[in-house]
Amino acid sequence: MTRLLRGCVACVRTRRRHTDNLRRVLPWFCIFLCAAGAEAQVQVDLKFSRLQYIAYEPVVATVAITNLAGRDIELHDAEGQSWLGFEITGSEEQPIAPLSGANRERPLKIQAGQRVTRQIDLTPLYPVNEFGAYHVRTNIYFADLGKFFYSGTRVFEVTDARPIWQQTVGVPGGAGGDVRTYSLMTNRFPDHTSLYVRVQDKDTGVVYATYSLGRTISFEQPQAEIDRANQLHVLHCAAPRAWSYARIGLDGQLLTHSSFMETKTRPRLVHSGNGEIAVQGGIADAPAQSSGSKAPKLSARPGAPANNR
């Protein structure tokens, strides 16, 4: 009988301990569920098109935002806090502060369940032109809740290309001593080699533009010529019997971009009597863009020259 009573007492004590433990755990479990529900209201994803970039070229981040709040929402700046931001650290884990005067994003309305994407060029917003690896995380500020939502961390590397040609020219009609330096460079990627152009003022340190002119066959040396307006003309072999032509302005803008197919004659740049440059030979595969037109996609080339110091 004594053993039975002791067993009953032990059982009651055990049940009480389980009940007490449940009472202690239950509030924290409820808080966890609430927190999980709050965290699920806005989902943020971040990605880059590739791992490696050339110094001063556009580093375009693709930000995807999914509205899981169960209602339409609007993301907007509030109390001096931008609704879209980035946390960037360098190779030595040092934080990278944004550049002064960086543009802010307009308010964004997202319907319930909708997923929207934004492409943001980090180059004019953050000093990410030094060689090395950068770790990036996107943060979204939801003013209705006063909460931040974060993406996972992504990494990209900044390096420099191999210079193959360079020419410094004056700026017609500019102030005395105004010059621009055109540079052609190549960079090897795992599956191809790209030809890059850079326009800069080496005296002031301003880089007006750096972008890819497309794939190139490494054993074919690009042809580069300067016309009477000191604009750069580049003709390079992009693939077997396929040639790419570009005309670049003094501030880095891509003024003309077209393709030529090699026929009985190989395309080449020729000077006319009045100082103009033209492509002779081959056959035009795509019509040239009109002067002043925007360059192709931002992920490949900048739509407008950006000053970077």
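Among the residues of region 182-196, those identified as part of a strand (DSSP E or B) and surrounded by fewer than 16 Cβ atoms within 10 Å (Cβ to Cβ) are R188, T193.
Against the conditions (1) more than 24 Å from V158 (Cβ to Cβ); (2) over 26 Å from the mean Cα position of the chain (by Cα), P222 satisfies every one except (1).
Conditions (1) closer than 23 Å to M185 by Cβ; (2) in contact with a strand residue (DSSP E or B) (Cβ under 6 Å, 6 or more places away or on another chain); (3) at pLDDT 95 or above, marked per residue:
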{"position": "F219", "(1), (2), (3)": "yes, no, no"}
{"position": "E262", "(1), (2), (3)": "no, no, no"}
{"position": "T265", "(1), (2), (3)": "no, no, no"}
{"position": "A286", "(1), (2), (3)": "no, yes, no"}
{"position": "A306", "(1), (2), (3)": "yes, no, no"}
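Residues in region 197-212 that are of a type in the set (V, I, T) and either surrounded by fewer than 15 Cβ atoms within 10 Å (Cβ to Cβ) or closer than 14 Å to T159 by Cβ (or both): T204, T210. Based on this model, can you work out whether R106 counts as at pLDDT 90 or above, exposed (fewer than 15 other Cβ atoms within 10 Å of the Cβ) and either farther than 28 Å from Y211 by Cα or out of contact with any helix residue (DSSP H, G or I) (no Cβ under 7 Å at 6 or more places or on another chain) (or both)? Yes: the conditions hold for R106. Of the residues that sit in region 59-101 and are touching a Gly at 6+ places or on another chain (Cβ under 7 Å) and of a type in the set (G, A, S), which one is surrounded by the most Cβ atoms within 10 Å (Cβ to Cβ)? Filtering region 59-101 for residues that are touching a Gly at 6+ places or on another chain (Cβ under 7 Å) and of a type in the set (G, A, S), the one surrounded by the most Cβ atoms within 10 Å (Cβ to Cβ) comes out as G90. Here are some residues: S183, S194. Which one is closer than 22 Å to E130 by Cα and under 21 Å from the mean Cα position of the chain (by Cα)? Going through S183, S194 in turn, just one is closer than 22 Å to E130 by Cα and under 21 Å from the mean Cα position of the chain (by Cα): S194. Close Cβ contacts (under 7 Å, 6 or more residues apart or on different chains) running from residues in region 265-293 that are on the phi > 0 side of the Ramachandran plot to residues that are modelled with pLDDT of 85 or more and exposed (fewer than 12 other Cβ atoms within 10 Å of the Cβ) comprise G281/T265; G282/T263; G282/T265. Taking the listed residues R71, R106, the one that is touching a residue at least 24 places away in the same chain (Cβ under 8 Å) and part of a loop (DSSP other than H, G, I, E, B) is R71, with no other qualifying. Just so you know, in region 149-177 the residues that are of a type in the set (D, E, K, R) and loosely packed, with under 14 Cβ neighbours inside 10 Å include one that is farthest from V60 (Cα to Cα), and it is R162.
Taken over region 54-73, the criterion of being of a type in the set (A, V, I, L, M, F, W, C) and in contact with an Asp or Glu (Cβ under 6 Å, 6 or more places away or on another chain) is satisfied by A55, V60, A64. Does E87 satisfy being more than 15 Å from R154 (Cβ to Cβ), touching a residue at least 12 places away in the same chain (Cβ under 8 Å) and among the acidic types (D, E)? So E87 fails the test.
Per this entry, T138 is not counted among residues that are among the hydroxyl-bearing types (S, T, Y), modelled with pLDDT under 95, closer than 19 Å to P58 by Cα and not assigned by TED's automatic domain parsing to the domain that holds V206.
Cβ-Cβ distances below 8 Å connect the following pairs, each with a first residue in region 244-262 that is within 22 Å of V169 (Cα to Cα) and among the charged types (D, E, K, R), a second residue that is modelled with pLDDT of 95 or more and in a loop (DSSP other than H, G, I, E, B), and a separation of six or more residues or different chains: R247/Q231.
The values are calculated or read from the model by the stated rules, or taken from the named source; none is laboratory data. None of these values were measured; they are calculated from a predicted model. Ideal geometry is used to build each Cβ from the backbone, glycine not excepted, and the neighbour counts take in all protein chains shown.
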